[in-house]
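Following: one structure in structure tokens, then a few remarks.
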Amino acid sequence: MSSGLSGMVKSKYLQYYTPTRLMKHTLTANAQSSWRICTQYKKTNAETEGLKLKQKEHCEAYTEALAAANQVVLYQAKHMHECCQSMKGTRQPSSQWNTFIKKETEHINNGMSKEEQIVATEENTGLIKETHKMKAFTPQNVMINAFHDTEKTLKSIDKALMKFHSCTGLEFLFLSVKKDMGVQGDAVAPTRVNHMYYVNFNNNITAKYRVVIENWPLPKFCAPRDVSSRNELHVLFHSWQSNTTRFCKLTSKEFEKWKTNHFNRDCEAPASNVQPNGDASTDPPSPSGPDTSGKNAQASRRSHHADTFSVCPPACNIRLAQAKG
């Protein structure tokens, strides 16, 4: 009886296995036993309904939390728009004419069908499109309107290029030039400016055209192509862009004062080495030989420095920031 019972148990025990599973279990000692099967229980209807109700409550709570978060984001966006907007939004008060137009339009629209409205407005649709196109491309007649339109458009282009640069790393060179400045030739300067001189700027530009540069940001006054540092180029570019560094035309009084100061600066350096008695050994040579008279020596020095002012003052002493002083 016992042997028969053990045989039945053995046969029932081995019916869940195949030779492949037995071989795999034999070869991999650390593998999980294949006969360990998790027992699954069928849920009752009450348990299923409870899970559905719990899942529904979770979805509703998540939706409410998401809607509350969206409201917070929308409130912050409106607040930032009101605080940081570039242009103030103003609404014109309603007038009697606007009220009359609104009532007449409603009366006409209510008395027409959709087909009649389409037929009545089809002819003027193209005219309105042409009017909008004309407003977009018509040149401004008032200078202040053209200025504001240009400033707003260039700022939007600059913001778009800055965003594109931050995303792609590309560098841009953007130039905006007006074809007609309105003033030309003698209206800009006493004579026509043919070339920009950075060396001997005082003689070549200021002395001829009464034009100075204010607030030069770099320690050395030179052409942009001679600047070897990218940081200095950025400083120079933003200084011109912010109007910190700018060209300025001197008035007649300022120009006379500038000539006096410039002449005195040229005279200070060699005059410190001249002896009070006007010794001829310190004077520059003349075509007829050195002068022995103190008066002649001083006159010769004045003539020499006057020529120096009109020919080549030292470029290292250029002080454009103090040109008006």
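Derivation of every value follows stated rules applied to the coordinates shown; laboratory data play no part. As the structure is a prediction and not an experimental result, all values here were calculated from the model. Virtual Cβ from ideal backbone geometry, glycine too; neighbours counted across all protein chains shown.
Modelled label positions at GLU151 and GLU171, each set 7 Å beyond Cα in the direction of Cβ, lie 3.0 nm from each other.
Taking 0.36 nm per residue of separation and subtracting the current Cα-Cα distance, fully stretching the chain between PHE255 and THR138 would add 37.8 nm. For segment 113-176, state the average projected area of the convex hull of the C-alpha atoms over all orientations, rounded to one decimal in nm². If you wrap the Cα atoms of segment 113-176 in a convex hull and average its projections, you get 7.9 nm². Pairs over the 26 Å Cα-Cα cut-off, from the set LYS159/LYS179; LYS179/LYS220; LYS155/LYS179; LYS220/LYS249; LYS129/LYS163: LYS179/LYS220; LYS129/LYS163.
Annotation for ARG91 and GLU123: the two label points, set 7 Å from Cα along the Cα-Cβ direction, are 3.6 nm apart.
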